[in-house]
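Notes to accompany the following structure.
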Amino acid sequence: MAIKRRTSANTLFTLLLFLTFALCAFFVLALSVRAYRASEAEIHINDEARTGLAYLVSKVRHYDAINAVETGEFDGLNALFLYETHEGERYTTVLYAADGGLYELFAADVSQFDRSSGARVVAGASARFFLRGETLTIEYEAGGEAQSVSLALRGGGGTL
């Protein structure tokens with residue numbers, strides 16, 4: 001009889017130990033999932049905030065030539081105008097923020113278009129462009145994070 005009690009106690013102790021281990025493993029897994037989701041959300045916000053600004057800087061660097069970068073208004077909005085020549089014809093890329101997004105319009109004559117004609121490049125973003133001398137300043141906000149960058153233009157610039 002003493003052997004049966006000891007066997008039952010050992011079995012009960014083993015089951016309780018296993019249950020404790022299983023519960024601890026479950027809680028560690030649940031906490032890990034929560035930490036992963038928080039980290040993933042933070043990465044998404046940072047990516048959203050930095051990708052659009054990197055896109056704008058890359059565009060400016062690509063078009064940076066003499067008289068190829070200007071700021072001004074497009075359909076009543078603050079905009080950045082980037083010029084290039086293809087086969088003897090001058091084309092304009094207009095970057096502007098409207099309706100909660102960053103838009104781009106590429107055309108030979110942008111005066112024929114309005115803000116709804118552009119293609120949205122980044123959703124949930126706003127941008128303002130300021131040109132003082134040969135320094136272009138871009139104020140960009142996305143994902144609740146505001147950033148500003150100033151670029152020295154090699155080709156100079158102008159204001160429309």
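The values are calculated or read from the model by the stated rules, or taken from the named source; none is laboratory data. Just so you know, these numbers come straight off a predicted model, no measurement behind them. Every residue, glycine as well, gets a Cβ built from its backbone with ideal geometry; the counts of neighbours run over all protein chains shown.
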(message) Looking only at the stretch 60-78, count every residue that is within 19 Å of the chain's Cα centre (by Cα) and surrounded by 18 or more Cβ atoms within 10 Å (Cβ to Cβ) and tell me the total.
(response) 1
(message) Condition first: without any contact (Cβ under 8 Å) to a residue 24 or more places away in the chain, more than 23 Å from Thr51 (Cβ to Cβ) and outside any loop (DSSP other than H, G, I, E, B). Now tell me which residues in the stretch 100-116 satisfy that.
(response) Ala107, Ser111, Gln112, Ser116
(request) Go through the stretch 117-132 and give me each residue that's under 25 Å from the mean Cα position of the chain (by Cα) and free of Cβ contacts under 8 Å to residues at least 40 places away in the same chain. (result) Ser117, Gly118, Ala119, Arg120, Ala123, Ser126
(message) Can you pull out every residue in the stretch 77-97 that is touching a residue at least 12 places away in the same chain (Cβ under 8 Å) and either of a type in the set (Asp, Glu) or farther than 15 Å from Ala108 by Cα (or both)?
(response) Leu77, Asn78, Ala79, Leu80, Glu84, Glu89, Tyr96, Ala97
(message) Against the condition hydroxyl-bearing (Ser, Thr, Tyr) and more than 30 Å from Leu151 (Cβ to Cβ), how does Ser58 come out, does it pass?
(response) no
(request) Please verify whether the stretch 8-15 includes one or more residues that are small (Gly, Ala, Ser), in contact with a strand residue (DSSP E or B) (Cβ under 7 Å, 6 or more places away or on another chain) and modelled with pLDDT under 90. (result) no
(message) Suppose we filter Leu82, Leu31 for residues that are of a type outside the set (Lys, Arg) and either in a strand (DSSP E or B) or loosely packed, with under 10 Cβ neighbours inside 10 Å (or both); which single one remains?
(response) Leu82
(request) Determine, yes or no, whether Ala123 is of a type outside the set (Phe, Trp, Tyr), under 24 Å from Asp75 (Cβ atoms) and touching a helix residue (DSSP H, G or I) at 6+ places or on another chain (Cβ under 6 Å). (result) no
(request) Name every residue in the stretch 23-58 that is closer than 17 Å to Gly101 by Cα and not acidic (Asp, Glu), in order of residue number. (result) His44, Ile45, Asn46, Ala49, Arg50, Thr51, Gly52, Leu53, Ala54, Tyr55, Leu56, Val57
(message) I'd like to verify a number: residues in the stretch 39-59 that are surrounded by 14 or more Cβ atoms within 10 Å (Cβ to Cβ) and either within 24 Å of Ser116 (Cβ to Cβ) or at pLDDT 85 or above (or both), how many?
(response) 8
